[in-house]
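Everything below concerns the one structure shown next.
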Amino acid sequence: MSEQTILKEQCGGGGWWQNVGNPGFAYRPDVRNSSQVVTVTRQPSLGLGSDDIFYSSSSQDDIQSQDDNDQQLADCDLDEVQPDVENYVQETHNGDEHVARWQKVLDAFAGNVGGMSGVEARFMETLFSANRWEPVAEVIECLEEGRGKDDTYAELIAKIYEWRYDSRYVSYSSHTDRWDRILLAFGETVSDSTLEPMTAADAQGYANRGWTRWVEVAEALRDIEASQ
């Protein structure tokens, strides 16, 4: 067998598709989708004729999308920052929370569920070494932009991180759990997997206590719930 990648429009005119089972389809020249890129394998031994070829295919759009993704990763300097982060993950002597934070960064780089957001990375920059976290935050923000992440509530989420880590209350689980539930409601990830996202009604209950921080949080959650 010999394989080559060609544009379907190069296969000539007239013809039809014939399903002949594994490993794919027999292709007789046809131009039904000139945007299709086709990897063809000639296998005349099947008795289908010298013009018949097997193919595995992907759309031109898929190939362009992968090219764009590769370029995005290059533009975001991921290759420069990721090796450092992989080293930070190995710093087990700094404790489980340290390792988990950096693993969240790697998940963000890979686009995995549970990855750290750019907003959270920026806040980590204020808590820990800016030399480490600034380039990480820049990469995550760049990747989020390329992936089309909605940043409608980015400013509010940044404030929520500040409130969550308020030094006066951060040692109280009742405080951190409340704000972690809010973060979940805004699509952020938290370490406690048992928590559920807070509802707008719950947030309004805190606002009704005269806790002014919660007024805009409740309003934003109402908007989110209304759009779902």
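The values are calculated or read from the model by the stated rules, or taken from the named source; none is laboratory data. Every value quoted in this text rests on a predicted model; they were computed, and no experiment measured them. Cβ: placed from backbone, ideal geometry, glycine included. Neighbour counts: every protein chain shown.
Please specify each residue of the stretch 158-176 satisfying the condition of being in a helix (DSSP H, G or I), surrounded by fewer than 15 Cβ atoms within 10 Å (Cβ to Cβ) and β-branched (Val, Ile, Thr). The answer is none; no residue qualifies.
Scanning for something in the same structural domain as residue 217 (by TED's automatic domain parsing), assigned to a loop (DSSP other than H, G, I, E, B) and either surrounded by 15 or more Cβ atoms within 10 Å (Cβ to Cβ) or charged (D, E, K, R) (or both), does the stretch 180-188 turn up at least one residue? Lay out the reasoning, then the answer.
Restricting attention to the stretch 180-188, the residues satisfying the condition of being in the same structural domain as residue 217 (by TED's automatic domain parsing) are 180-188.
The next check asks that each one be assigned to a loop (DSSP other than H, G, I, E, B); those that pass are 186-188.
Of the ones still in play, those that are also either surrounded by 15 or more Cβ atoms within 10 Å (Cβ to Cβ) or charged (D, E, K, R) (or both) are 186, 188.
Yes, that holds for at least one residue.
Among 146, 118, which is the only one that is touching a Cys at 6+ places or on another chain (Cβ under 9 Å) and in contact (Cβ under 8 Å) with a residue 40 or more places away in the chain?
On the way: 118 fails: in contact (Cβ under 8 Å) with a residue 40 or more places away in the chain.
None of the other options fit; the residue is 146.
Checking every residue in the stretch 145-158 against the condition of being more than 23 Å from residue 85 (Cα to Cα), of a type in the set (S, T, N, Q) and more than 25 Å from the chain's Cα centre (by Cα) gives zero matches. Among the conditions (1) farther than 24 Å from residue 182 by Cβ; (2) free of Cβ contacts under 8 Å to residues at least 60 places away in the same chain; (3) touching a helix residue (DSSP H, G or I) at 6+ places or on another chain (Cβ under 6 Å), residue 94 misses just one, which is (3).
Quick check on residue 117: is it at pLDDT 95 or above, under 21 Å from residue 192 (Cβ atoms), surrounded by fewer than 19 Cβ atoms within 10 Å (Cβ to Cβ) and not β-branched (Val, Ile, Thr)? Against the criterion (at pLDDT 95 or above, under 21 Å from residue 192 (Cβ atoms), surrounded by fewer than 19 Cβ atoms within 10 Å (Cβ to Cβ) and not β-branched (Val, Ile, Thr)), residue 117 does not qualify. Filtering 125, 145, 155 for residues that are at pLDDT below 95 and in a helix (DSSP H, G or I) leaves a single hit, 145. Here are the criteria: (1) part of a helix (DSSP H, G or I); (2) free of Cβ contacts under 8 Å to residues at least 12 places away in the same chain. Tell me which single one residue 101 does not satisfy. For residue 101, the exception is condition (2).
Report, by residue number, each residue of the stretch 190-228 that is touching an Asp or Glu at 6+ places or on another chain (Cβ under 8 Å) and under 30 Å from residue 98 (Cβ atoms). Lay out the reasoning, then the answer.
Within the stretch 190-228, the first condition is being touching an Asp or Glu at 6+ places or on another chain (Cβ under 8 Å), and the residues that meet it are 190-192, 195, 199-200.
Within the stretch 190-228, 190, 191, 192, 195 meet the criteria.
For the stretch 198-210, a tally of residues being surrounded by 15 or more Cβ atoms within 10 Å (Cβ to Cβ) and in a loop (DSSP other than H, G, I, E, B) returns 2.
Looking at (1) in the same structural domain as residue 87 (by TED's automatic domain parsing); (2) surrounded by 15 or more Cβ atoms within 10 Å (Cβ to Cβ), which one does residue 131 not meet, given that it meets all the others? Of the numbered conditions (1) in the same structural domain as residue 87 (by TED's automatic domain parsing); (2) surrounded by 15 or more Cβ atoms within 10 Å (Cβ to Cβ), the odd one out for residue 131 is (2).
Here the condition is being more than 17 Å from residue 224 (Cα to Cα) and out of contact with any helix residue (DSSP H, G or I) (no Cβ under 8 Å at 6 or more places or on another chain); of 121, 130, 108, it holds for 130 alone.
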